[in-house]
Amino acid sequence: MTPPPACPTLAGPFGPEAGGGVNRAGSRFRHFSFFIFHFALPMFLALCLLCTASVHAQTVKKKRNPLPATAALTGPPKLFGGKPAPPTKAEIIKPLETPAAAYQDNIVGRLIRKLSVETAYGPLITLPILESSKDMGAAYGVMPIMAIRNKTDRTVKAVLAPSINYNRNLGATLAWRYYIFPNEKRLIVMRAAMSQHVEKDFLFSYFAPDFWSSRLRLHAEARDGITGKPSFYGFGPDSSKSAKANYSLHRRGEEIGVETRLIKNLYADLTHSYYVQSVSRGPVAGVPQLADTFPAAFTPAAGDNNFVVHRLALLYDDTDHPFLPKVGTYASLSGAFSSKAFLSDYSYSLYTAEIKQYYNYKEEGHFVTAIHYLLQEQKGETLPFYAMPQLGESTGLRMAGEGRFTDRGRFVVNIEERMTISRLPFMDFISEIEVAPFLDVGTVFPELSKMRFRDLKWGPGVAMRLLIRPQVVATLDFAFGSEGTNAIIKIGYPF
């Protein structure tokens with residue numbers, strides 16, 4: 001599984017949509033049948049073709065390392081036709097394993113060491129914060145990062161990253177972040193942040209892909225936060241940038257999910273979530289308020305709304321790493337369901353098909369083509385706008401602001417060419433510097449049959465990334481297009 005450190009939740013921006021308010025059994029059956037024959041089946045067939053093409057492509061011939069003397073007598077293993085056998089996934093990712101000392105030092109590593117200070121707990125380095133958000137404007141500050149070592153084997157068991165920064169809309173913001181690495185694939189995140197105006201964020205998340213050997217995978221999250229970043233522009237792909245209206249989104253609740261293995265790489269997922277959400281006045285100066293510009297949208301969203309959602313999913317995952325994948329396929333087909341009978345304020349359903357493909361050029365790990373497809377459609381009652389599918393900065397279209405497009409369905413394709421230009425040892429980790437040109441394509445629609453090619457939004461760009469294995473990636477994305485330009489600084493891959 002390859003979820004980002006902050007996974008989209010079932011009742012968040014990816015959550016419920018507006019519908020017709022019909023809940024009769026016949027209507028549900030028609031919706032389900034439409035989903036199966038016009039949505040799920042075509043996506044499943046496309047997935048089969050994609051996986052078949054990927055397996056074929058990954059068998060390209062490449063130079064092999066010299067064989068040991070015992071193997072030289074028989075030569076390299078052969079496939080039918082006399083071609084050398086392709087390397088296994090373990091061989092592809094072998095260069096990324098510890099010890100990091102196997103890599104040569106370079107000028108970047110020497111510069112980082114000059115900026116770091118060794119403490120009793122581990123190395124400490126202080127980095128500047130310089131960012132410019134399309135929604136919030138410029139921010140600047142400092143972030144000290146400390147790697148905390150295990151006293152017995154001296155490996156890094158956690159990273160502590162407090163920060164202070166200033167933004168003219170939020171004032172000063174104090175933040176505390178604590179990342180714990182129980183092993184190379186498990187991750188615990190604790191985060192607390194508070195600004196002078198509006199924003200706060202308290203988060204605890206836990207992810208264990210090996211919770212019970214490889215048979216059971218667990219992910220859980222609890223949070224309480226307010227963000228003043230998003231804006232609402234109206235409904236549909238033709239909504240105008242000039243209609244932008246700022247608001248603050250309040251969100252608190254929990255999510256827990258369990259995945260059980262059915263057969264090799266195939267899992268069944270059951271996820272429960274409960275969130276309370278509401279909106280209030282936004283903090284961004286010079287931008288109209290939601291309550292003034294869209295009073296009809298503000299009124300149902302202003303009070304506390306309860307979202308109790310249960311998602312069932314069938315997913316395939318043979319990627320090499322949950323956070324920093326280099327090779328493999330992740331695909332899921334899911335349905336999320338909410339009912340007033342389970343104390344939710346709305347009855348609705350959300351159907352999602354998603355594919356992530358990572359193709360490793362020449363199987364050397366330096367060039368990785370990453371492709372992401374996502375298609376969503378919702379049925380059910382009319383919901384607050386923030387709970388409908390949205391397309392924007394964090395939801396598939398990086399050139400746009402947060403929440404730029406809103407409707408009852410969403411289609412997204414993202415393509416990146418992730419090029420590793422440097423690998424070096426850093427704080428007993430393996431770090432990589434990566435450049436990734438990308439293209440985001442997406443749209444929203446009122447129903448699947450009304451999705452139009454001419455409504456697609458195209459957003460090219462380039463990303464600079466620092467990967468610190470085994471679990472962390474810091475990214476700086478520059479995107480541009482019809483929505484203008486945008487610069488994004490965040491932790492985690494977009495997909």
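The values are calculated or read from the model by the stated rules, or taken from the named source; none is laboratory data. All figures in this text were calculated on a predicted structure; none of them were measured in a lab. Ideal geometry is used to build each Cβ from the backbone, glycine not excepted, and the neighbour counts take in all protein chains shown.
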Restricting attention to the range 210-227, which residues are of a type in the set (D, E, K, R) and closer than 30 Å to residue 200 by Cβ?
221, 223, 224
Condition check for residue 242: within 27 Å of residue 405 (Cα to Cα), out of contact with any helix residue (DSSP H, G or I) (no Cβ under 6 Å at 6 or more places or on another chain) and free of Cβ contacts under 8 Å to residues at least 24 places away in the same chain:
yes
Looking at the range 186-207, which of the residues that are in contact (Cβ under 8 Å) with a residue 24 or more places away in the chain, buried (at least 18 other Cβ atoms within 10 Å of the Cβ) and more than 16 Å from the chain's Cα centre (by Cα) is nearest to residue 223 (Cα to Cα)?
199
Of everything in the range 149-185, what is among the β-branched types (Val, Ile, Thr), closer than 25 Å to residue 282 by Cα and surrounded by fewer than 16 Cβ atoms within 10 Å (Cβ to Cβ)? Give them in sequence order.
164
In the range 260-275, residue surrounded by the fewest Cβ atoms within 10 Å (Cβ to Cβ) [restricted to those that are in a strand (DSSP E or B) and more than 22 Å from the chain's Cα centre (by Cα)]:
263
For the structure I just gave you, tell me whether residue 241 is surrounded by 16 or more Cβ atoms within 10 Å (Cβ to Cβ), out of contact with any Gly (no Cβ under 7 Å at 6 or more places or on another chain) and not small (Gly, Ala, Ser).
no
From the list 145, 164, exactly one residue is of a type in the set (Val, Ile, Thr), modelled with pLDDT of 95 or more and either closer than 28 Å to residue 209 by Cβ or assigned to a strand (DSSP E or B) (or both). Which is it?
164
Failed condition for residue 398, given (1) touching a Gly at 6+ places or on another chain (Cβ under 9 Å); (2) farther than 21 Å from residue 378 by Cα; (3) in a strand (DSSP E or B):
(3)
Take the conditions closer than 23 Å to residue 398 by Cβ, under 24 Å from the mean Cα position of the chain (by Cα) and aromatic (Phe, Trp, Tyr) and apply them to residue 178. Does it pass?
no
Six or more apart or on different chains, Cβ under 6 Å: which pairs go from a residue in the range 280-297 that's modelled with pLDDT of 95 or more to one that's among the hydroxyl-bearing types (Ser, Thr, Tyr)? Could you list them?
280/248; 282/247; 282/248; 290/247
Hey, can you tell me all the residues within the range 226-259 that are polar (S, T, N, Q) and part of a strand (DSSP E or B)?
227, 231, 246, 248
Would you check if residue 301 is within 27 Å of the chain's Cα centre (by Cα), farther than 30 Å from residue 241 by Cβ and among the aliphatic types (A, V, I, L, M)?
no
Out of the range 447-456, which residues are more than 18 Å from residue 392 (Cβ to Cβ) and surrounded by fewer than 17 Cβ atoms within 10 Å (Cβ to Cβ)?
447, 449, 450, 452, 453, 454
